Every structure is written in C-alpha cells, then in structure tokens.
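Visitor: My questions all concern the structure below.
The values are calculated or read from the model by the stated rules, or taken from the named source; none is laboratory data. Here the structure is a predicted model, which is why all the values come from computation and not from measurement. Cβ coordinates were reconstructed from backbone atoms using ideal geometry, including for glycine residues, and neighbour counts include every protein chain displayed.
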C-alpha cells in the first residue's frame with residue numbers, strides 16, 4: 001500500500017527576507033510534524049510602512065507522510 005501525504009498551508013514571517021520567512025515556517029512545523037517531505041511556495045507578501053518593507057511573509061504548502069497503523 002502507498003503512503004498517504006497530507007498538505008497544510010503555513011505562513012512564516014521575518015524582518016529579514018522572504019526566504020527567511022519560509023524557513024521560519026518550516027522550522028516551526030518541523031518541531032511538531034514528523035516526516036516532512038517537501039514544500040511549495042504559494043505566495044510572498046510584505047507589510048510596508050512609509051515605503052519600506054517592515055515584515056516579509058511567505059505562504060507555503062508543507063507536505064508530510066501520515067503514519068500508518
């Protein structure tokens with residue numbers, strides 16, 4: 001029987017970069033989710049104040065294999 005993969009959507013935040021925001025989301029997920037097998041970036045947005053990026057946001061889909069019985 002094949003593995004079943006679940007996909008969840010997460011949004012990471014960073015004051016440094018979109019890449020750092022994605023890594024922050026993945027790091028947080030890795031603390032509670034086992035068997036992460038991949039991720040896909042869905043979007044990158046930012047909070048802007050006075051013409052300057054204040055916070056980067058990266059939304060990603062994270063895939064992980066569900067544990068069998």
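Visitor: Name the single residue, out of those in segment 33-47 being under 28 Å from residue 67 (Cα atoms) and under 13 Å from the mean Cα position of the chain (by Cα), that is surrounded by the most Cβ atoms within 10 Å (Cβ to Cβ).
Guide: 39
Visitor: Name every residue in segment 48-69 that is loosely packed, with under 12 Cβ neighbours inside 10 Å and either in a loop (DSSP other than H, G, I, E, B) or without any contact (Cβ under 8 Å) to a residue 12 or more places away in the chain (or both), in order of residue number.
Guide: Hits for segment 48-69 are 48, 49, 50, 51, 52, 66, 67, 68, 69.
Visitor: Also: Would you call residue 28 surrounded by 12 or more Cβ atoms within 10 Å (Cβ to Cβ) and in a strand (DSSP E or B)?
Guide: In short, no.
Visitor: Restricting to segment 14-25, what's the tally of residues that are within 15 Å of residue 42 (Cβ to Cβ) and buried (at least 18 other Cβ atoms within 10 Å of the Cβ)? Walk me through it before giving the result.
Guide: Just the residues of segment 14-25 that are within 15 Å of residue 42 (Cβ to Cβ), to begin with: 18-19, 21-22, 25.
Remaining after also requiring buried (at least 18 other Cβ atoms within 10 Å of the Cβ): 18, 21-22, 25.
Qualifying residue count, segment 14-25: 4.
Visitor: In segment 55-69, what count of residues is obtained for those that are more than 13 Å from the chain's Cα centre (by Cα) and closer than 16 Å to residue 11 by Cα?
Guide: From segment 55-69, those more than 13 Å from the chain's Cα centre (by Cα) are 55, 65-69; that's our starting set.
With closer than 16 Å to residue 11 by Cα added as a condition, the list becomes 55.
Adding up the residues that qualify gives 1.
Visitor: If I filter segment 8-24 for residues that are farther than 16 Å from residue 56 by Cα and modelled with pLDDT of 95 or more, do I get at least one hit? Working first, answer last.
Guide: Step one: list which residues in segment 8-24 are farther than 16 Å from residue 56 by Cα, which gives 8-9.
With the extra rule that they be modelled with pLDDT of 95 or more, the set shrinks to 8-9.
Yes, the conditions are met somewhere in segment 8-24.
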